[in-house]
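Asks: One structure coming up, written as structure tokens, with questions to follow.
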């Protein structure tokens, strides 16, 4: 049966699309995978999600993320912060009592932006904000425009962002309603929705009439085809915590077990990617120049033996005039040497640091916004969500994607040049950095210290 | 120039509409008369594609001393006549390979709309040419690499006329951004491609290409 693109995004196609618009079709085309039972207690971190299934694809271990995702951003609407803090905490605990913190239940991550800290708890923030000792800067920085970003990119100023992850669209809807409508402590600024899962990108993009959708591989996990949730690609357990790698100094331990979250929205030009770039070209653009894999391969091993060094990236640049997306990132995203975390966990050299939580979207660029900037015409893209220990750590990785390597090398490209990895098919529209406090301090952090 | 092209395009489309209305009227009349006799005959005629503008194709076949494929149908408003206003490339190389291209463009606000079809023949060779170049200039240095002109095969399809062609979705040179079908006949390679551009979608282009393949007429040198 057919629904129009506008109906699909606006959610007016009745029983098919429902309130969540085209994303309701996720449940028609995919079943939740088997998930492990919820742990008996919640970790002190908000950003860790237990019970994520691991499968093997093409001989590589791959994590199966939750099917549904949403990020709701807002500003603080409450005048009475102690009351708002108590209300928010009660609401979060109520959700946790009803939904286990797994994909089968609901993952909730409450992250706070610099505008909140500066406007509402400035003195406490000044005293207790974590500091990046490597960068000699605060651990939470304003978002910046990277070399490949368009000049009109919007660096956002939200107070709060809540990441909701679940196999159940209903669980997300319930949390969104409770936290952003019933509670009355936030004024919603945007709602961003999306999905993850093998086969869904092609199916949903076709339903939405996205140009180039016909050529998305049938089993692809992401619009651009290649599997990204490789276990080796994602930082393990607490590696992205502020304290784990010793990158941050945390006054009085207030934000210990917290982390940093970057949120951006990126349009993806699927037609250019699939009609203008061969599979071989897509492999080399995604991973590294010269890499050969069998035709049609979507999952490519990225273990410690396969990662690129800065020297490899420079060699590829000289020989081919190009860098691969993953290869360039790895110069900044992997541990240069073995490290032991404060809890005794050993992280081998080459281990990935960032913990990604990005998801496919058909938002253009939002599902909803208070400013009315969203379009009802769907567009393929990604809501990029990633946890790094600090803003500077994220900025190093993102700069590497543009050929600005952490060892000081700058590989010169025109902005969004074809040789610059993925960049020629990506267009970033929004960015913001957030701090994710530990679970115990997730509700209006620092406000309890105001006199 | 663009305005002129637009006027010409509009005028042509207007003429096409008039012609189509006329053809439709005749078809209805023929259908009405067909009740009395000749339905089977009409079907047989419809099943046999015809090269309506044979002259140019015959001259091309004679010139390259090898058969060529004349399309009995091109997407509106293109007409498969060599030398007409939409035939923007009519080229034969010293090695007898040929390229016939028809393109229609219209500026529509910020989006240019385009219908562009290319037919090629490579007499005496069946290998996919590797004469296309991937060229990029990075930091003042130019990198050139010879690549296969047709890449990313996506299965085969057999036309009503018995042509079994492979669909390639990533193509280069004049066929950049086109979907292309390639097939071999009697030791020669032939291709047919159409640009994936507004107002067409990928799937509409594939549908068009299959219809064009169904209607190809082989023209042998005289």
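No value in this document is a laboratory result; all are computed from the given coordinates. Given the structure is predicted, the values throughout are model-derived calculations rather than measurements. Don't worry about glycine lacking a Cβ; one is built from the backbone with ideal geometry, like all the others, and counts go over all protein chains shown.
Asks: To check my understanding: the extent here is largest minus smallest coordinate of the Cα atoms along each principal axis. What are those three numbers for the protein assembly as shown, in Å, largest first?
Replies: 96, 57, 49
Asks: Hey, fewest Cβ within 10 Å first, where do B:86, A:112 land in order?
Replies: So the residues, fewest neighbours to most, are B:86, A:112.
Asks: Averaged across B:81-93, how many Cβ atoms of other chains sit within 10 Å of each residue's Cβ atom?
Replies: Mean partner-chain Cβ count within 10 Å for B:81-93: 0.
Asks: Place a point 7 Å from Cα of residue A:61 in the direction of its Cβ. Which residues in segment A:232-256 have their backbone N less than 17 Å from it?
Replies: Once the point is set 7 Å along Cα→Cβ of residue A:61, A:232-240 turn out to lie under 17 Å by backbone N, inside segment A:232-256.
Asks: Take the alpha carbon atoms of segment B:63-77, find their center, do the same for segment B:115-158, and report the distance between the two centers in whole angstrom.
Replies: 21
Asks: I'd like the distance separating the alpha-carbon centroids of segment A:430-451 and segment A:340-419, in whole Å.
Replies: Segment A:430-451 and segment A:340-419 have Cα centres separated by 21 Å.
Asks: Sort A:342-351, B:110-119, B:189-198 by packing, meaning the average of other beta carbons within 10 Å per residue, with the highest value first. All intermediate terms of the calculation are to be shown ahead of the outcome.
Replies: Values: A:342-351: 13.2, B:110-119: 17.5, B:189-198: 22.7.
So the peptides A:342-351, B:110-119, B:189-198, ranked by packing, come out B:189-198, B:110-119, A:342-351.
Asks: Radius of gyration and Dmax for segment B:53-219's Cα atoms, expressed in Å?
Replies: In Å, with Rg to one decimal and Dmax whole: 16.0, 51.
Asks: Pull up the DSSP beta bridges for the protein assembly as shown and report the antiparallel fraction as a percent, rounded to 5.
Replies: Details: 113 of 116 bridges.
Here the share of antiparallel DSSP bridges comes out near 95 percent.
Asks: In which sequence would B:85, A:85, A:193, B:144 go, from the one with the fewest C-beta neighbours within 10 Å to the one with the most?
Replies: B:144, B:85, A:85, A:193
Asks: So for each of A:331-341, A:268-278 I average, over its residues, the number of other beta carbons within 10 Å; can you give me the resulting order with the highest mean first? Provide the component values of the computation, followed by the final result.
Replies: On the way: A:331-341: 17.6, A:268-278: 22.1.
For the peptides A:331-341, A:268-278, the packing ranking is A:268-278, A:331-341.
Asks: Here's something else I'd like to know. Within a 10 angstrom radius of each residue's Cβ in B:133-140, how many Cβ atoms of other chains show up on average? Whole number is fine.
Replies: Mean number of neighbouring Cβ atoms from other chains: 5.
Asks: What is the mean number of Cβ atoms from other protein chains located within 10 Å of the Cβ atom of each residue in peptide A:410-416, rounded to a whole number?
Replies: Averaged over the peptide's residues, the number is 2.
Asks: For segment A:207-344, take the convex hull of the Cα atoms, compute a quarter of its surface area, and give me that in nm², please.
Replies: 11.0
Asks: Would you work out the Kirkwood radius for segment A:55-163? I mean one over the mean of 1/r across all pairs of different Cα atoms, in Å.
Replies: Hydrodynamic radius (Kirkwood, Cα only) of segment A:55-163 equals 17.4 Å.
Asks: How do A:395-402, A:178-185, A:113-120 rank on mean C-beta neighbours within 10 Å, highest first?
Replies: The most tightly packed comes first, giving A:395-402, A:113-120, A:178-185.
Asks: Next question, about the same structure. Can you list the equivalent-ellipsoid semi-axes of segment A:126-200, largest first and in whole Å, using the square root of 5 times each Cα gyration tensor eigenvalue?
Replies: Numbers: eigenvalues 172, 82, 44 Å².
The three semi-axes for segment A:126-200 are 29, 20, 15 Å.
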